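Only one structure is covered here, and it is reproduced in the block below.
The values are calculated or read from the model by the stated rules, or taken from the named source; none is laboratory data. Just so it is clear, the model here is predicted, and its values are computed rather than measured. Because the Cβ atoms are built from the backbone with ideal geometry, glycine has one as well, and the counts that use them run over all protein chains shown. We work out accessible area using only protein heavy atoms, side chains counted, and drop any ligands, DNA or RNA first. Shrake-Rupley method; radii C 1.70, N 1.55, O 1.52, S 1.80 Å.
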Amino acid sequence: MLYREAGQFKTTYAADQQLFPIRQDRIGVITLLIVAFLGVPMFASEYWFSAILIPFLIFALAALGLNILTGYAGQLSLGSAAFMAVGAYAAYNFQLRIEGIPILVSFALAGLTAAGVGILFGLPSLRIKGFYLAVATLAAQFFIVWCLTKFPWLSNNSSSGVISTQQLIFFGHELKTPVEKYLLVLSIVVVLALAAKNMVRSTTGRAWMAVRDMDVAASVIGIKLMPTKLLAFAVSSFYCGVAGAMYAFCYLGSVEPDGFSLEMSFKILFMIIIGGVGSIMGSFLGAAFILLLPIFLDIALPFFADLFGLPFSSATVSHIQITVFGALIMFFLIVEPHGLARLWQIAKEKLRLWPFPH
Amino acid sequence: MNFFFEVLIGGLLSGVMYALVALGFVMIYKASGVFNFAQGAMVYLAALSVVGCMEKGAPLWLAIILAFIIMTLFGIATEKFVLRKLVNQPPIALFMATIGLAFFIEGVAPMIFGSEPRALELGIVDEPIPWVLDNWNMVISKFDLVAAGVAAVLVATLALFFQYTRIGRALRAVADDHQAALSIGIPLQNIWAIVWGVAGFVALVAGMMWGARNGVQFALTFTALKALPVLILGGFTSVPGAIVGGLIIGASEKLAEIYIPPVMQDLFGGNFGGIEGWFPYVLALLFLLVRPEGLFGERHIDRV
């Protein structure tokens, strides 16, 4: 690395167990946070906030949720978008039906509602696993979206299930501009990401990983499968639910149940595959990659088509996008199953020895 | 009562169509332990190739042969470039790779053959049989009966193929135990290529039936989603399971669509159509809670 950790000796257990054991890493993380909280709002344009940064943070949180379930606890889920929908609609209803409830409280309650629903759909995981479970989570995906469309009470009697979110009142101050929304989303994501980072290295996280690696062996060494698996479903759904609430309130402002489609679930799954299954940072890298790739292709493809004089339509762009996604998924699974996060780690280790190869 | 039977028979016949797709899944799972999410995309690719070749001027029979060649080549390529490199990875990684494969096909196929919806004429009309309509006052489509016949022939052929041919026996050996099969000299890679070829053939048959029924369009990829609950219900490894599961799912979803919404309307008010979309999944899920390996699936024993 450009810095070396030589000379940093850990003399206490506390020092050995802290979140970022290397001093330069701590400085790096703090710098990153300062830049994100202070630097970015000073320089980024409004387009950046509303079209890139806010969705990036929201999807990163959803990917984090799925990563807890799939990457750490080993339970494949294809229904994460449905839990986002639960969060979005729950937050809307709490705002609507409880007078003067603070927005953060309704986000938290939305997360808890999603967690409850997640536990319900996680129950089959006690008896089935692997593909069977993946298919079973599709039941959540279709059933929840159907419910949100068909029960008018949930969308306050809107005919097609579309909801327009209420104003974001934060301690008496209304958050209107993209910058303010960005800061709110960023704070929530930072807190939840740190919580996740801590959770996965706690007893709970270790139990999840044991279940992921082999659940029979885990139960033999005394890990109770039922609470462990259900907790993974609950925490994961909580994260997805909060992400969904922010998706509705801070990003789009108006959502419909069909927006939380199977396609979106797949998108979140792709984020964790490309970013790194079983890695907190991977969720962020994957979300950035999956969100930026279409923007990049939109700009790059017509440019190359012009260069070579090929005929080009918007349909072709979308086909190429899908193809590239599919190819990338296979590529990553074959070449680097641990995703971008692992590549980052390898780069760090190479740099640590640099300029000496051995 | 007549109406009930009409719905039931209609459901059973549409279940046959689901079973056609589910068969493709079973083939691959049985022989390689890969849960191939791309089966729906393969159905789409097969139907598109038939239509695409016909648009280039080929007669139907030639188009079918060309499509079969395309599907076989595609299957071999998949085995060579994707699956072979993922040997020894956990099954979930293989599953996710096939999701990637599905996206890949869904992008590439329309780029080659065009994405606009088209009709596929097989020369079978989709209209009620007059004799049944006159005598029993039920609407049963001629097309559905043909589809059922095709499915029956396909299943019989596959069953015979698995049971009595050399390759079929090798396939079963590979399915039982990869290593043991390798050690007695069965070429694993060839077998997998053959399996993907056969799955491509099943996808071709399913694609033609579905394409003739609903037109050849992107929605064909969703046939895979219809086949999944069928699979869970029937068990991943069982050819008869795919058929029985298909019949149960088809019949129950149609009956549910007719009889549940009015009940719910009485309870909650409002319109509750579209139960078909999730009912098979919930049914399969509830069934799994009772019998996790499906109707005909093999009970597996975990070892530490």
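Here are some conditions: (1) more than 12 Å from chain A (Cβ to nearest Cβ); (2) more than 23 Å from A:Cys147 (Cβ to Cβ); (3) open to solvent by 10 Å² or more (accessible area, probe 1.4 Å); (4) over 13 Å from the mean Cα position of the chain (by Cα). B:Val216 meets all but one. Which one does it not meet?
Here B:Val216 meets the rest and fails (3).
Name the residue, out of A:Trp153, A:Trp146, that is aromatic (Phe, Trp, Tyr) and either surrounded by 13 or more Cβ atoms within 10 Å (Cβ to Cβ) or closer than 15 Å to A:Tyr247 by Cβ (or both).
Checking each option against the conditions leaves just A:Trp146.
Taking the range A:202-222 on its own, how many of its residues are open to solvent by 30 Å² or more (accessible area, probe 1.4 Å) and within 25 Å of A:Leu19 (Cα to Cα)?
Count: 7.
Which condition number does A:Ile128 fail, the rest of (1) within 14 Å of chain B (Cβ to nearest Cβ); (2) in contact (Cβ under 8 Å) with a residue 12 or more places away in the chain; (3) in contact with a helix residue (DSSP H, G or I) (Cβ under 6 Å, 6 or more places away or on another chain) being met?
(2)
Report, by residue number, each residue of the range A:277-330 that is open to solvent by 60 Å² or more (accessible area, probe 1.4 Å) and within 14 Å of chain B (Cβ to nearest Cβ).
A:Leu310, A:Pro311, A:Phe312, A:Ser314
Among the residues of the range A:294-325, which ones are more than 21 Å from B:Phe104 (Cβ to Cβ) and not hydrophobic (A, V, I, L, M, F, W, C)?
A:Pro302, A:Asp306, A:Gly309, A:Pro311, listed by residue number.
Going through the range A:91-108 one residue at a time, which ones are out of contact with any Gly (no Cβ under 9 Å at 6 or more places or on another chain) and either closer than 15 Å to A:Gly244 by Cα or among the polar types (S, T, N, Q) (or both)?
Correct list: A:Tyr92, A:Asn93, A:Phe94, A:Gln95, A:Ile103, A:Leu104, A:Val105, A:Ser106, A:Ala108.
Of the conditions (1) at pLDDT 80 or above; (2) out of contact with any strand residue (DSSP E or B) (no Cβ under 9 Å at 6 or more places or on another chain), B:Asp134 satisfies every one except a single condition; which number is it?
Every condition holds for B:Asp134 apart from (1).
Cβ-Cβ distance below 8 Å, separation of 6 or more or different chains: which pairs start in the range B:96-119 with a residue that is more than 7 Å from every other protein chain (Cβ to nearest Cβ) and open to solvent by 30 Å² or more (accessible area, probe 1.4 Å) and end on one that is among the hydroxyl-bearing types (Ser, Thr, Tyr) and outside any loop (DSSP other than H, G, I, E, B)?
What qualifies is B:Phe113/B:Ser49.
I need a count of the residues in the range A:18-37 that are open to solvent by 80 Å² or more (accessible area, probe 1.4 Å) and over 18 Å from A:Ala193 (Cα atoms).
Qualifying residue count for the region: 1.
Anything in the range A:210-249 that is under 21 Å from the mean Cα position of the chain (by Cα) and either among the acidic types (Asp, Glu) or within 14 Å of chain B (Cβ to nearest Cβ) (or both)? List them, or say none.
A:Arg212
Collect the residues in the range A:230-250 that are in contact (Cβ under 8 Å) with a residue 60 or more places away in the chain and open to solvent by 10 Å² or more (accessible area, probe 1.4 Å), keeping them in residue-number order.
Correct list: A:Leu230, A:Ala234, A:Val235, A:Phe238, A:Tyr247.
Please list, ordered by first then second residue, the pairs with beta carbon atoms under 8 Å, 6 or more apart or interchain, first in the range B:267-288 and farther than 16 Å from A:Leu148 by Cβ, second open to solvent by 50 Å² or more (accessible area, probe 1.4 Å) and basic (Lys, Arg).
B:Glu276/B:Lys254; B:Pro280/B:Lys226; B:Leu288/A:Arg127
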